[in-house]
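Take a look at the structure below.
The values are calculated or read from the model by the stated rules, or taken from the named source; none is laboratory data. On a predicted model such as this, the values are computed, not experimentally measured, just so you know. Cβ coordinates were reconstructed from backbone atoms using ideal geometry, including for glycine residues, and neighbour counts include every protein chain displayed. Please note that ligands, DNA and RNA were not included when accessible areas were found on the heavy atoms of the full protein model with its side chains. Shrake-Rupley method; radii C 1.70, N 1.55, O 1.52, S 1.80 Å.
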Amino acid sequence: MSRRILIVVPSSIAAKGLEQVFSDLGEFEVCAILQDLSGPVEVQLRTMAPDVIIVDPSVYDFASRNSIKARIAEYTDAAVIAFAAQPLEEEVLRQFEGCIGLMDSPTAVIRKVRAALEDRGETPRADGEELSQREKEILICVARGMLNKEIADVYNLSIHTVITHRKNITRKTGIKTVAGLTVYALLNNLIDMNSIE
């Protein structure tokens, strides 16, 4: 099963170079290349369902760069890796699961993407591992189309806690997409068809 990668880099040459690195290996599939994350971000991220997002922080204005990961996390739980075409402040880099440099070799790029996925604990479900009550509540909210921020507000949790629950749900069920989780919730009688938006 290939992992889906979304590349958000304003330089067409750099984006095509990254795409070539991934296509040569076959382990990863580039689902899209975007020059920025403007427009209907939620729709783009949910429909593409990437496992990894490689984003050049320069697509955000200077004031927003320290909250890139939090903004993306509102719509997806994909690993987010910075693409540094130019030197970046340490404070900006700390929010990402990794950083790919302009001068990195193809081997280094692949190693960094694999490391980011491993750090997130994306391993297949262990047999017999049940969802906790809180994870079931979060799953129901996800199936109803709620964003991480909305879920956090409902249960009085931080967005990071919601993201952690979603990672655990994905790990335990082996399902990564919202549509797949919705079907899982329906099949396990956690929600009924009428409660889905």
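Within region 27-48, the only residue that satisfies the criterion of being part of a loop (DSSP other than H, G, I, E, B) and touching a Ser or Thr at 6+ places or on another chain (Cβ under 7 Å) is GLU27. Scanning region 162-195 for residues that are under 22 Å from MET48 (Cα atoms), outside any helix (DSSP H, G or I) and open to solvent by less than 50 Å² (accessible area, probe 1.4 Å) turns up just one, ILE175.
Just one of the numbered conditions (1) under 13 Å from the mean Cα position of the chain (by Cα); (2) surrounded by 17 or more Cβ atoms within 10 Å (Cβ to Cβ) is not true of LEU37: (1). Selection within region 90-116: residues that are out of contact with any Leu (no Cβ under 8 Å at 6 or more places or on another chain), in contact (Cβ under 8 Å) with a residue 60 or more places away in the chain and open to solvent by less than 50 Å² (accessible area, probe 1.4 Å). The member of this set that is nearest to ARG3 (Cα to Cα) is VAL113. Scanning region 12-34 for residues that are touching a strand residue (DSSP E or B) at 6+ places or on another chain (Cβ under 9 Å), surrounded by fewer than 19 Cβ atoms within 10 Å (Cβ to Cβ), at pLDDT 90 or above and small (Gly, Ala, Ser) yields SER12, ALA14. Identify, please: which residue in region 170-197 is under 17 Å from ARG46 (Cα atoms) and aliphatic (A, V, I, L, M) and is, among those, modelled with the highest pLDDT? Filtering first and then ranking leaves LEU181.
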